[in-house]
There are 2 protein chains.
Amino acid sequence: MMKQTQAKTKAKDICKELGLKLTPQRMAILAYLDGNTAHPSAEDIYGAVSRRFPGMSLATVYNTLASLRDKGKLLELTIDPAKKRYDPDTRPHHHLICLDCSRVSDIDHVFDLDVPDSLGYEITGNHIEFYGYCPQCKDKDTAPRLAPGRGHTKER
Amino acid sequence: MMKQTQAKTKAKDICKELGLKLTPQRMAILAYLDGNTAHPSAEDIYGAVSRRFPGMSLATVYNTLASLRDKGKLLELTIDPAKKRYDPDTRPHHHLICLDCSRVSDIDHVFDLDVPDSLGYEITGNHIEFYGYCPQCKDKDTAPRLAPGRGHTKER
DNA sequence: TTCATCATTTAGATTCATTCTAAATTGATA
DNA sequence: TATCAATTTAGAATGAATCTAAATGATGAA
């Protein structure tokens, strides 16, 4: 209950801070994203928000995600080869993807990633993708969905 | 000249090792990938190989890439949000992408990436994506193509 | 060498995520 | 309350990647 209200208050604050209009669709998307650690895709967000908000367009979800991303309020993750995943937590952190079910989890650890030779690039950021099998998947030995050819995958 | 021959020899060896038939299309794709550090996309590979090998199908490129990837001879990179990129160097290493021109370069440095809390996952691999601006792009201050909302991007 | 088999190639259709378009709507401000 | 620009919308369009089913061709056995 309180969470709902808090999320809506935050949603308003974010819109004001970014100079975005307070539309009900935006509020709903922002409220859904607030504190969300599931790294949802655009479809996930559309599915969840449009349930409570029938008639809204998927394009609105993409529009909103794009403006939040452009203004630095949302991270667009490329860790899942099938689709983009979104993370409202914009603090530096890393991710862990399950090669079986594609669940994405946060790794909140700071690593020392000084690059000895940056090849003349001006490096502005980094992100570590860890691959593996989540607690739910690591025991059921199903055929991996996106296992081979990724990162530095070792044999299990 | 010699390179051509070497690449073809290697291509044959790889096919034999993997139990794949030695088709001219496969040879050409493998020869193109051998020692290639440009991290080409499927389209890139198709464009290059079909120039010397007219009439070949893009589907063949995808088929070949999939079998090489499945057999561990090719890394499929998700670092470029626009398309998958391929790397014939399957040794553990990391990558650096230019946020302006999408060029991908190798980072051949070993980092200590021990995770204190793996959240119950069985971690099998990792990959670091570095973001930045390549030597060619870092001076021309064009509007970034895929800059915001990625990794831990700092202000320039 | 010839043949049969089965992997591979192929063109084209299909899928699916994402972006674009242009018209209708609506929030913010005067 | 009227205005205007931002936003939403449905649907079309794009583009990467996958799938299909038929044709082709590499390979191993005879």
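The values are calculated or read from the model by the stated rules, or taken from the named source; none is laboratory data. Predicted model only: the values in this text are computed from it and were never measured. Neighbour counts are summed over all protein chains in view; Cβ atoms, including those assigned to glycine, are modelled from backbone coordinates with ideal geometry.
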Only one of (1) within 13 Å of the chain's Cα centre (by Cα); (2) without any contact (Cβ under 8 Å) to a residue 60 or more places away in the chain does not apply to A:A59, and that is (1)
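Report yes if A:Y86 is in contact with a Leu (Cβ under 8 Å, 6 or more places away or on another chain), of a type in the set (F, W, Y) and part of a helix (DSSP H, G or I), otherwise no.
It is false that A:Y86 is in contact with a Leu (Cβ under 8 Å, 6 or more places away or on another chain), of a type in the set (F, W, Y) and part of a helix (DSSP H, G or I).
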Test B:I45 against the stated conditions and say whether it is crowded, with 16+ Cβ neighbours inside 10 Å, within 13 Å of chain A (Cβ to nearest Cβ) and among the β-branched types (V, I, T).
no
So which residues in the stretch A:21-56 are touching a residue at least 12 places away in the same chain (Cβ under 8 Å) and over 19 Å from A:D87 (Cβ atoms)?
A:P24, A:Q25, A:M27, A:R52, A:F53, A:M56
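If you scan the stretch A:90-131, which residues turn out to be hydroxyl-bearing (S, T, Y) and part of a loop (DSSP other than H, G, I, E, B)?
A:T90, A:S102, A:S118, A:Y121
Being out of contact with any Ser or Thr (no Cβ under 9 Å at 6 or more places or on another chain) and at the interface with another protein chain (Cβ under 8 Å from one of its Cβ atoms) is the filter here; which residues of the stretch B:70-92 pass it?
B:D70, B:K71, B:E76, B:P92
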Assess whether A:Y86 counts as being of a type in the set (F, W, Y) and free of Cβ contacts under 8 Å to residues at least 24 places away in the same chain.
no
Just a yes or no: is a residue in the stretch B:76-91 touching a Gly at 6+ places or on another chain (Cβ under 7 Å), among the hydrophobic types (A, V, I, L, M, F, W, C) and not assigned by TED's automatic domain parsing to the domain that holds B:A38?
no
For A:G55, state whether it is under 30 Å from B:E76 (Cβ atoms), more than 14 Å from chain B (Cβ to nearest Cβ) and either more than 14 Å from DNA strand D (Cβ to nearest atom) or not aliphatic (A, V, I, L, M) (or both).
no
Specify which of the listed residues (B:A42, B:A66, B:A48) is more than 10 Å from the chain's Cα centre (by Cα), under 20 Å from A:T78 (Cα atoms) and either small (G, A, S) or modelled with pLDDT under 95 (or both).
B:A66
Looking at the structure I just gave you, is A:S57 surrounded by 13 or more Cβ atoms within 10 Å (Cβ to Cβ) and not aliphatic (A, V, I, L, M)?
no
Might you check whether a residue that is in contact with a strand residue (DSSP E or B) (Cβ under 6 Å, 6 or more places away or on another chain) and within 16 Å of DNA strand D (Cβ to nearest atom) occurs anywhere in the stretch A:21-39?
no
Scan A:K73, A:K10 and give me the residue that is at pLDDT below 95 and surrounded by 13 or more Cβ atoms within 10 Å (Cβ to Cβ).
A:K10
